[in-house]
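Q: Pasting a structure below so you can have a look.
The values are calculated or read from the model by the stated rules, or taken from the named source; none is laboratory data. Keep in mind that this is a model prediction, so the values were computed, not measured. Here the Cβ positions follow ideal geometry from the backbone for every residue, glycine too, while neighbour counts run over all protein chains shown.
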Amino acid sequence: MSASQERALAAPAHAMAPLERAIHGILAGGIVLSVALMATGLVLGVAQGSGLPRGVVALGELPHALAALWPAAYLSLGLIVLIGTPFVRVVGSIVVFARERDRLYVLITAIVFLVMCLGVALGKV
Amino acid sequence: MAFLAGVFGSMLGVGGGIIMVPMLSLAFGVPIKVAIATSIVCVIATSTMAQTTFVSRGMTNIRLGMLLEVATTVGAVAGGVTAVLVDGRVLQFCFAAVLVYVAWQMSRRGGDVTPVRTGVLEAAYYDPAAGREIEYGVRRTGLGFILSLGAGNVSGLLGVGGGAFKVPIMNLLMGVPLKATIATSNLMIGVTAATGAAIFYGRGYMDPYYAVPAALGILAGARLGPRVAVRLSTRTLGIIFQVVLLVFAVMMILAALGLTP
């Protein structure tokens, strides 16, 4: 074992602050849910012999498509969860900053969230 | 390929759309809009997965990231305004020139910035390669914010996430050590990409046939990338970053000359 590896192993584990714990939890949760949904979609696709579908399911049709076990519906929802995770992360940060009474960062993070929503509404990338 | 993109992107704090979009389009014959949508999903996957490692190790300066996100998101949304004023090809040449200049500046410096305690957005992280805790403060916050506005604006125009700009702004200008810079940039690119991806999904350009396998590959790669990055010496990491910047510059020039889709 090299000296640098030994140092790495001896590294003190980082104690996460509440903000870091919240963000870590939200992101890890988003990944697990998204991968589970995509895996379900892939398994359904193989089971039904349809292969990977082309095109996503529109939001409005999603509930009935999920109930009908369309592979595309599960893959679409998996992608939606993945895309939505950073939005949830920003909202989660606002909550933690509010709990810590950090008004400046509640404001800053709220602006980020509003601009994200504005960007989606305006349809600009 | 997606696995490798995940490893590199998460190691360097960049999304890599500038390489991925032409590659998907040329090598796999993916329609350009679908290629962009796929690449944006990949950026989100890179950022989200890499952050589970960076945040749990205290590498990400979350407050700094949130502050600069205001600048990059506002800049990106305002991108359309600038598009009317400046020719896209001129911008692409300027972008390439800035990338080459930044790579040169980073190589001239050789090592990392010397961390200074400034009392502004101070943070500390443990660097396994150096074997010690690195404490630092942020310098020139105002100028960094203004340049981030510009970076967000240009990235909004050229359809690239702008990680390649965020890293030099934080590292060279604001005095944030390279590893903390990469982790923080990685957090920020997720926000811009999520906004873009939501729009592309709504317009029907998302194709699970490409997006799902790419996302799964990236997620696996981005689990490995940050673990490699924190162990590498800052010098090695810096050199890899400079090479990638030069590749980005070449891609931008090719795009400006109309040689890539």
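Q: If A:Tyr74 meets every condition in (1) touching a residue at least 12 places away in the same chain (Cβ under 8 Å); (2) surrounded by fewer than 18 Cβ atoms within 10 Å (Cβ to Cβ); (3) not charged (D, E, K, R) apart from one, which number is that one?
A: Unmet for A:Tyr74, out of (1) touching a residue at least 12 places away in the same chain (Cβ under 8 Å); (2) surrounded by fewer than 18 Cβ atoms within 10 Å (Cβ to Cβ); (3) not charged (D, E, K, R): (2).
Q: Given (1) part of a helix (DSSP H, G or I); (2) of a type in the set (A, V, I, L, M); (3) without any contact (Cβ under 8 Å) to a residue 40 or more places away in the chain, where does B:Ala193 come up short, assuming only one miss?
A: For B:Ala193, the failing item is (3).
Q: How many of the residues making up the stretch B:69-127 are modelled with pLDDT of 85 or more, over 18 Å from the mean Cα position of the chain (by Cα) and either within 13 Å of chain A (Cβ to nearest Cβ) or within 30 Å of A:Phe87 (Cβ to Cβ) (or both)?
A: Residues flagged as modelled with pLDDT of 85 or more, over 18 Å from the mean Cα position of the chain (by Cα) and either within 13 Å of chain A (Cβ to nearest Cβ) or within 30 Å of A:Phe87 (Cβ to Cβ) (or both) within the stretch B:69-127 amount to 8.
Q: Sticking with this structure for a sec: Does A:Val95 meet the test of being facing chain B (nearest Cβ under 8 Å) and out of contact with any strand residue (DSSP E or B) (no Cβ under 6 Å at 6 or more places or on another chain)?
A: Taking the combined requirement at face value, the residue does not satisfy it.
Q: Considering only residues of the stretch B:186-214 that are farther than 25 Å from B:Val154 by Cα and in contact with a helix residue (DSSP H, G or I) (Cβ under 6 Å, 6 or more places away or on another chain), which is farthest from the other protein chains (Cβ to nearest Cβ)?
A: B:Ala214
Q: For the subset of the stretch A:5-24 comprising residues that are more than 7 Å from chain B (Cβ to nearest Cβ) and in contact with a helix residue (DSSP H, G or I) (Cβ under 8 Å, 6 or more places away or on another chain), which member is modelled with the highest pLDDT?
A: A:Ala22
Q: To continue, here is another question. Do we find a residue being at pLDDT below 95, in contact with a Gly (Cβ under 8 Å, 6 or more places away or on another chain) and surrounded by 20 or more Cβ atoms within 10 Å (Cβ to Cβ) anywhere in the stretch B:52-67?
A: no
Q: Restricting attention to the stretch A:64-81, does a residue exist that is in contact with a Lys or Arg (Cβ under 9 Å, 6 or more places away or on another chain) and either of a type in the set (Asp, Glu) or within 11 Å of another protein chain (Cβ to nearest Cβ) (or both)?
A: Among the residues of the stretch A:64-81, at least one is in contact with a Lys or Arg (Cβ under 9 Å, 6 or more places away or on another chain) and either of a type in the set (Asp, Glu) or within 11 Å of another protein chain (Cβ to nearest Cβ) (or both), which makes the answer yes.
Q: Does A:Ile108 qualify as being at the interface with chain B (Cβ under 7 Å from one of its Cβ atoms) and out of contact with any Asp or Glu (no Cβ under 9 Å at 6 or more places or on another chain)?
A: On the way: at the interface with chain B (Cβ under 7 Å from one of its Cβ atoms): yes; out of contact with any Asp or Glu (no Cβ under 9 Å at 6 or more places or on another chain): no.
Judged against the criteria, A:Ile108 is not a match.
Q: Give the residue, chosen from B:Asp112, B:Asp127, that is more than 28 Å from B:Met251 (Cβ to Cβ), of a type in the set (D, E, K, R) and touching a Ser or Thr at 6+ places or on another chain (Cβ under 9 Å).
A: None of the other options fit; the residue is B:Asp127.
Q: List the number of the failed condition for B:Gly175; all other conditions in (1) more than 10 Å from chain A (Cβ to nearest Cβ); (2) in a helix (DSSP H, G or I); (3) modelled with pLDDT of 90 or more hold.
A: (2)
Q: Please work out which residue is nearest to the other protein chains (Cβ to nearest Cβ), limiting yourself to the stretch B:10-48 and to residues that are farther than 20 Å from B:Leu224 by Cα, surrounded by 24 or more Cβ atoms within 10 Å (Cβ to Cβ) and small (Gly, Ala, Ser).
A: So the residue we want is B:Ala37.
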